[in-house]
Amino acid sequence: MPAHLSGKWILETSDRFEDYLKALNIDFATRKIAMSLSQTKVITQDGDRKFHFKTQSALRSYELAFTVGEEFEEVTKALDNRKVKSLVSWEGDKLVCSQRGEKMNRGWKHWLHGDRLHLELSCEDALCLQVFKRIE
């Protein structure tokens, strides 16, 4: 059964985020700023298929609305400003997005473990794991 991810979440830990940003070719200064920022993620889930994600920091905010199982074009404005074709699906209780574009092995996974929201970000050989704590 798919997880219910709705809520407001604040970043608690972030491992190997700089490696992920390097894989995206983010410049040194922007990487340092991004790594110092706290993130808040607001997820609204309507059933098992419709989602709205809002990721906020002091530097940028990024919104993404999608329907599970329907491919869509995404411009990754909050990160590297690339166009990708994204497809989100459920793999058990994990919400998984694969992104096709100029970077290989790009995508993310969200899942709940206990009372924490986990986010795995991948690009090429880089893998970042972030953990968020629910605040609402």
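The values are calculated or read from the model by the stated rules, or taken from the named source; none is laboratory data. Quantities reported herein were computed from a predicted structural model and do not represent experimental measurements. Note that each Cβ is placed from the backbone with ideal geometry, even for glycine, and that neighbours are counted across all protein chains shown. Surface areas here come from the heavy atoms of the whole protein model, side chains and all, with no ligands, DNA or RNA. Shrake-Rupley method; radii C 1.70, N 1.55, O 1.52, S 1.80 Å.
Of everything listed in (1) open to solvent by 20 Å² or more (accessible area, probe 1.4 Å); (2) in contact with a Lys or Arg (Cβ under 6 Å, 6 or more places away or on another chain), the single unmet condition for S98 is (2). Against the list (1) in a loop (DSSP other than H, G, I, E, B); (2) more than 14 Å from the chain's Cα centre (by Cα); (3) surrounded by fewer than 16 Cβ atoms within 10 Å (Cβ to Cβ), the condition K85 fails is (1). Name the residue that is farthest from D125 (Cα to Cα), counting only residues in region 1-42 that are among the β-branched types (V, I, T) and touching a Lys or Arg at 6+ places or on another chain (Cβ under 8 Å). Only one residue fits best here, namely V42. Pairing residues of region 91-103 that are over 16 Å from F66 (Cα atoms) and in contact (Cβ under 8 Å) with a residue 60 or more places away in the chain with residues that are assigned to a loop (DSSP other than H, G, I, E, B) and open to solvent by 20 Å² or more (accessible area, probe 1.4 Å), at Cβ distances under 8 Å and at least 6 apart in sequence or on separate chains, gives D93/M1; D93/P2; K103/R82; K103/E124. When region 102-125 is filtered for residues that are open to solvent by 40 Å² or more (accessible area, probe 1.4 Å) and more than 15 Å from the chain's Cα centre (by Cα), the ones remaining, listed by number, are E102, M104, H113, G114, D115, E124, D125.
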